[in-house]
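Undergrad: There's a structure below that I have some questions on.
The values are calculated or read from the model by the stated rules, or taken from the named source; none is laboratory data. Values in this document were obtained by computation on a predicted structure and should not be read as measured data. Quick reminder, even Gly has a Cβ in these numbers, built from the backbone with ideal geometry, and neighbours come from all protein chains shown.
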Amino acid sequence: MMHENRFRGSRIGASSSSRFDERMNRIRLGHLEDEAGPAGADSPWFCLRVEFGREIAVENELQRYKIETLVPMRKGRERRIRHRLVAARTEPAITGYVLVRFDYCPEVCAGLMAITHVVGLLSVDEIPIPMSHEEVMRFKAKADDGSLDWQHDSGVVYRAGDKVRIVEGPFGGFAGVVVSVRADGRGDAVVEADVFGRMTPVTLPLAILEKL
């Protein structure tokens with residue numbers, strides 16, 4: 001005799017993992033609401049790694065929590081599409097990163113990880129690397145005056161394999177090796193930056209590099 005299958009609903013635990021993740025995200029965002037706020041005059045900056053192309057979306061979301069943010073912008077590359085020159089768009093000076101300013105505490109760091117499109121914090125041994133306000137303002141000034149624009153002539157020709165030091169921005173002070181670059185002194189270079197022994201690939205404007 002066949003028995004009718006009267007099972008309804010979902011099996012116990014089938015979606016428990018996703019529900020747990022959602023619950024933890026709500027808790028982390030609650031910490032962000034409770035602990036974050038306007039930074040003090042001596043508060044450091046930190047660097048968030050975000051999904052490519054999501055820099056402004058993350059910046060807008062963080063501003064809801066009254067966290068001071070900065071995405072320095074520049075003019076990108078002019079492009080030719082079907083024999084038509086397309087004007088350069090405004091884009092982040094360093095794609096995939098958002099600068100944030102807050103008084104460090106583990107609760108705020110955990111809350112930042114709950115923001116959609118955030119991948120992580122630029123850290124060493126899980127401790128975020130701080131930047132001074134003066135460092136950030138110098139980097140912003142270069143973006144504002146056009147030094148980081150894609151068409152800006154750096155006056156220096158780099159080649160793959162060149163050893164360089166990064167002089168401004170969230171990777172300022174770190175050394176690295178050029179992986180790929182144009183030969184005319186314009187545009188960006190893909191650099192493997194040595195961040196305390198961890199090689200981190202990042203695309204950087206030539207204006208913030210110097211040869212070693």
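Undergrad: Among the residues of region 115-131, are any outside the structural domain of THR203 (by TED's automatic domain parsing), surrounded by fewer than 18 Cβ atoms within 10 Å (Cβ to Cβ) and part of a helix (DSSP H, G or I)?
TA: The answer is no, given that none of the residues of region 115-131 is outside the structural domain of THR203 (by TED's automatic domain parsing), surrounded by fewer than 18 Cβ atoms within 10 Å (Cβ to Cβ) and part of a helix (DSSP H, G or I).
Undergrad: On the basis of being modelled with pLDDT under 85, farther than 17 Å from ILE208 by Cβ and surrounded by fewer than 18 Cβ atoms within 10 Å (Cβ to Cβ), does ALA87 make the cut?
TA: Against the criterion (modelled with pLDDT under 85, farther than 17 Å from ILE208 by Cβ and surrounded by fewer than 18 Cβ atoms within 10 Å (Cβ to Cβ)), ALA87 qualifies.
Undergrad: Quick check on this structure: which one of GLY96, GLY146 is small (Gly, Ala, Ser) and out of contact with any His (no Cβ under 8 Å at 6 or more places or on another chain)?
TA: Sole residue among the options that is small (Gly, Ala, Ser) and out of contact with any His (no Cβ under 8 Å at 6 or more places or on another chain): GLY96.
Undergrad: Failed condition for VAL136, given (1) in a helix (DSSP H, G or I); (2) over 19 Å from the mean Cα position of the chain (by Cα), with all others met?
TA: If we test VAL136 against (1) in a helix (DSSP H, G or I); (2) over 19 Å from the mean Cα position of the chain (by Cα), just (2) comes out false.
Undergrad: A follow-up question, please. So in region 36-54, with the set limited to residues that are assigned to a strand (DSSP E or B) and under 11 Å from the mean Cα position of the chain (by Cα), which one is surrounded by the fewest Cβ atoms within 10 Å (Cβ to Cβ)? Please lay out each step first, then the result.
TA: First, pick out the residues of region 36-54 that are assigned to a strand (DSSP E or B): 45-50.
Subsequent filtering for residues that are under 11 Å from the mean Cα position of the chain (by Cα) retains 46-50.
Working: PHE46: 22, CYS47: 22, LEU48: 25, ARG49: 16, VAL50: 24.
Of everything passing the filter in region 36-54, ARG49 is surrounded by the fewest Cβ atoms within 10 Å (Cβ to Cβ).
Undergrad: Another question, then. What number of residues within region 173-194 satisfy the criterion of being part of a loop (DSSP other than H, G, I, E, B) and closer than 13 Å to LEU148 by Cβ?
TA: Residues flagged as part of a loop (DSSP other than H, G, I, E, B) and closer than 13 Å to LEU148 by Cβ within region 173-194 amount to 2.
Undergrad: Got a number for residues in region 58-84 being within 16 Å of the chain's Cα centre (by Cα) and under 28 Å from LEU209 (Cα atoms)?
TA: Adding up the residues that qualify gives 9.
Undergrad: Could you count how many residues in region 174-207 are surrounded by 14 or more Cβ atoms within 10 Å (Cβ to Cβ), farther than 21 Å from GLU135 by Cβ and of a type in the set (Gly, Ala, Ser)?
TA: Number satisfying all stated conditions: 2.
Undergrad: Counting only residues that are in contact with a Ser or Thr (Cβ under 9 Å, 6 or more places away or on another chain) and either over 23 Å from TRP150 (Cα atoms) or of a type in the set (Gly, Ala, Ser) (or both), how many does region 59-78 have?
TA: Qualifying residue count, region 59-78: 6.
Undergrad: Identify, please: which residue in region 137-173 is outside the structural domain of THR203 (by TED's automatic domain parsing) and among the basic types (Lys, Arg) and is, among those, surrounded by the fewest Cβ atoms within 10 Å (Cβ to Cβ)?
TA: Step by step, filter region 137-173, then rank; the result is ARG138.
Undergrad: Filter region 55-72 down to the residues that are surrounded by fewer than 18 Cβ atoms within 10 Å (Cβ to Cβ) and in contact (Cβ under 8 Å) with a residue 40 or more places away in the chain and list them by number.
TA: Correct list: ALA57, GLU61, LEU70.
Undergrad: Out of everything in region 166-187 that is touching a Lys or Arg at 6+ places or on another chain (Cβ under 8 Å) and of a type outside the set (A, V, I, L, M), what residue ends up being farthest from LEU121 (Cα to Cα)?
TA: Once the filter is applied, the top-ranked residue is GLY187.
Undergrad: Let me ask you something else. Within region 95-114, how many residues turn out to be more than 13 Å from the chain's Cα centre (by Cα) and in a loop (DSSP other than H, G, I, E, B)?
TA: Summing the residues that are more than 13 Å from the chain's Cα centre (by Cα) and in a loop (DSSP other than H, G, I, E, B) in region 95-114 gives 5.
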